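Visitor: Could you have a look at this structure, given as structure tokens, before my questions?
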Amino acid sequence: MKSIFTTIALAALFCLNQSAQLIAQEQSESNEKGADKLESVDQVRVEDGKLIATAKGKAFSPTNSVVMPFKIKVMTNLTFTVADGSPRKLKDGQILGKDGNLQSPDGSLVPVMDHITQNGGKVLICKDGVAKPVSGETTLGDGSKVFADGTYIDQSGHPTKLLDGQLIMLSGSKIPATDTATMKDGKVVVQKDGSLITLRPAQTMMMSDGTRVTGDGTVIGKDGKTTHLGEGELVKIEGVRRR
């Protein structure tokens, strides 16, 4: 008799365990589906402490986490992760686009994916948003190598020197560099080759693609088209390219 009761108890425990696992799986799938519905989001931003997403020109407040390309996941508590890395805080005025670039009010535009870049002649490795100098040799996912002196050796063994502002993911894939020009507090700030530069009123800056930006807010594109920056406005300009 005791053996029968023991068998029944074990069977009941097994059923309860299976049921709990099934519920947990269904809940997980439900959460994933909720996030997956937002994969078409073009960008997210923080405005007055609230998360705002934009999809197909329409803005809305997400109720689920937002999944974007490059394994970016943005949570409703104003944090985001990239490829299950450490959580990072989205700050007021910042915009995170589906291209993986994080735009800040100061005019800076940086990729959130782990990458290597060169700034002011120094080679930096950026992981989870934290930049550290490269020491010695770093081998990337595709077998290419980057050295502390700025030497880059591709998969074929061909060596070149990194350019300031050049961006390479740790997988070895190249990231198109994007410069910016913005008007902040009446002053024109440009991001060129990875550095922010405030222009003097009469100063003109030639950008990497041939665009000219002047200190009065005039932007003359490489196609000759002229625009004028308004306060808080930011324009994106093609950055450095290895020809």
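Taken together, the values in this text are just the output of simple stated rules run on the coordinates, not laboratory data. Please read these numbers as outputs of a predicted model, since none were measured by experiment. Cβ: placed from backbone, ideal geometry, glycine included. Neighbour counts: every protein chain shown.
Visitor: Pulled fully out, how much extra length does the chain show between SER61 and ALA202, if you take 0.36 nm times their separation in residues and subtract their Cα-Cα distance?
Guide: Extra length from SER61 to ALA202 when fully extended: 46.6 nm.
Visitor: Less than 12 Å Cβ to Cβ from ASP106, Lys/Arg counted +1 and Asp/Glu -1: what total charge do the surrounding residues give?
Guide: +2
Visitor: OK, next. Can you spot the lysines whose alpha carbon is less than 17 Å from LYS122's alpha carbon? Ignore those fewer than 8 places along the same chain.
Guide: Result set, ordered by chain and number: LYS132, LYS145, LYS161, LYS192.
Visitor: Provide the packing ranking of 169-178, 42-51, 186-195, i.e. peptides ordered by the mean count of other C-beta atoms within 10 Å per residue, highest first.
Guide: Those peptides, ordered most packed to least, come out 186-195, 169-178, 42-51.
Visitor: Here is a further query. Name the lysines eligible as straight-distance cross-link partners of LYS91: C-alpha to C-alpha under 21 Å, and not fewer than 8 places from it in the same chain.
Guide: Within the straight-line cut-off, LYS91 pairs with LYS50, LYS71, LYS73, LYS127, LYS184, LYS236.
Visitor: Tally Lys/Arg at +1 and Asp/Glu at -1 over every other residue whose Cβ is under 10 Å from the Cβ of PHE80; what's the total?
Guide: Net charge in that neighbourhood comes out at +3.
Visitor: For a Förster distance of 41 Å, can you work out the FRET efficiency between the beta-carbons of ARG212 and THR76, rounded to the nearest 0.05?
Guide: In this case the efficiency is close to 0.45.
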